[in-house]
Amino acid sequence: ELNALPVEYIVETTAKCNLYCPMCPRETHKQPKEDMTDAVFERLVSETGATGEHMMLIGLGEPFLDPAIMKRIEYCDQHNVATLLSTNGTLLDEEAADEILRSTLAHITLSFDGSTKESFEYYRKGAKFERVRDNFLRFCRMKHERGAKIQVVVQMVRMERNWDEVDEFVKFWSAVPGVDQVRVKN
């Protein structure tokens, strides 16, 4: 019997999302349009005890729809817990980018499913290809210019309609200063 707590936690602070993605479990399992309360979140952080090292603030919701997300990142930092999150990029405007880069967030995954407008907008219904791409490019540029330590991963999920776009995707994002890793998931 192991008498230990995990070092890594996955915590969904919001179940709200602003996109419709056909491959997402949200579409088959209805989610409440709610955010986690501060009381529950703070209890989770305090109960990770001395072992909690990483808290992935992700789930089926879009983290930037949680109005308390920045406060939660700082709360984790005060308890020596590093934070990671993943975003669809629709809300990552210049102001949000600045806030993230000034925060203690350790890692961000930028989800971008495709190299073409057609496949991207098929899989990310409600998002505009150019706008999200520009948001991600601006964020990476700002990170690079500031020499920020945050780890940036640009990730594509390989599916039927974007299968042949992988090489182009990897080539494009690998050349962007500020991107630490390009990841393709099947």
Notebook entry, point to check: Can you give the calculated 222 nm mean residue ellipticity of the chain, where each DSSP H run of n ≥ 4 adds -39,500 (n - 2.57) and the sum is split over every residue, rounded to the nearest 500 deg cm²/dmol?
Noted result: -10000 deg cm²/dmol
Next item on the list: Report, ordered by chain and residue number, the aspartates and glutamates lying within cross-link reach of Lys16, taken as a straight Cα distance under 17 Å and ignoring same-chain residues fewer than 8 apart.
Entry: Glu27, Glu34, Asp35, Asp38, Glu62, Asp66
Note to self: Positive end of the dipole of the chain, charges at C-beta (+1 Lys, Arg; -1 Asp, Glu), about the Cα centre: which of Met23, Gly147, Ala68 has its Cα farthest in that direction?
What the structure shows: Met23
Next item on the list: Starting from the Cα of Glu42, move 7 Å in the Cα-to-Cβ direction to define the label point; list residues of the range 73-107 whose amide nitrogen is under 20 Å from there.
Entry: 73-83, 104
Checklist line | Theoretical gain in end-to-end length, Leu5 to Thr104 [0.36 nm per residue, Cα-Cα removed] | finding: 33.3 nm
Check: Between the DSSP loop rule and a limit of at most 15 other Cβ atoms within 10 Å, which GluC sites (Glu not before Pro) in the range 79-176 are left?
Finding: Glu160
Next item on the list: Distance check, please: which entries in Lys30/Lys71; Lys117/Lys149; Lys71/Lys149; Lys33/Lys71 exceed 22 angstrom between their Cα atoms?
Entry: Lys30/Lys71; Lys117/Lys149
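Quick one: order His54, His107 from most to least accessible surface, probe 1.4 Å.
On the way: His54 65, His107 35 Å².
Listed by decreasing accessible area, they come as His54, His107.
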Check: Which one, [x] 36, 22, 14; [y] 26, 19, 16; [z] 28, 20, 16, gives semi-axes √(5λ) of the Cα gyration tensor in Å as derived from the coordinates shown?
Finding: [z]
Notebook entry, point to check: Exactly which trypsin sites (Lys or Arg not before Pro) in the range 81-156 are in a DSSP loop and have at most 14 other Cβ atoms within 10 Å?
Noted result: Lys128, Lys149
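Find how much the distance from Lys71 to Val176 grows on full extension, using 0.36 nm per residue of separation minus their present alpha carbon separation; answer in nm with one decimal.
Values: separation 105, 0.36 × 105 = 37.80 nm, distance 2.93 nm.
Additional length available on full extension: 34.9 nm.
For the range 42-186, calculate the relative contact order in percent as a whole number, restricting contacts to Cα pairs under 8 Å that are 6 or more residues apart. Before the final figure, lay out the partial values.
Values: 215 pairs, mean separation 30.2, N = 145.
Averaging sequence separation for qualifying contacts and normalising by length gives 21 percent for the range 42-186.
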Item checked: Partner aspartates and glutamates for Lys128 [C-alpha distance under 14 Å; skip if fewer than 8 residues away on the same chain] -> Asp93, Asp113, Glu118
Next item on the list: Distance from a point 7 Å along Cα→Cβ of Glu95 to each backbone N in the range 29-53: keep the residues under 14 Å and list them by number.
Entry: none
Next item on the list: Would you mind checking the range 69-110 for residues with the amide N under 17 Å from a putative spin-label position 7 Å along Cα→C-beta of Val157?
Entry: 85-90, 109-110
Check: Which whole-angstrom value gives the distance between the alpha carbon centres of the range 91-129 and the range 34-56?
Finding: 25 Å
Note to self: Out of the total accessible area of the range 73-186 (probe 1.4 Å, heavy atoms of protein only), what percent is carbon and sulfur?
What the structure shows: 45 percent
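Averaged per residue, what accessible surface does the chain expose to a 1.4 Å probe, in Å²? Working shown, then result.
On the way: 10180 Å² over 186 residues.
Averaged over the residues of the chain, the accessible area is 55 Å².
The values are calculated or read from the model by the stated rules, or taken from the named source; none is laboratory data. Owing to the predicted nature of the structure, the values given are computational and were not obtained by experimental measurement. Cβ atoms come from the backbone with ideal geometry, glycine included; neighbour counts cover every protein chain shown. Ligands, DNA and RNA are stripped out before the accessible areas are found, and what is left, the full protein with its side chains, is counted by its heavy atoms. Shrake-Rupley method; radii C 1.70, N 1.55, O 1.52, S 1.80 Å.
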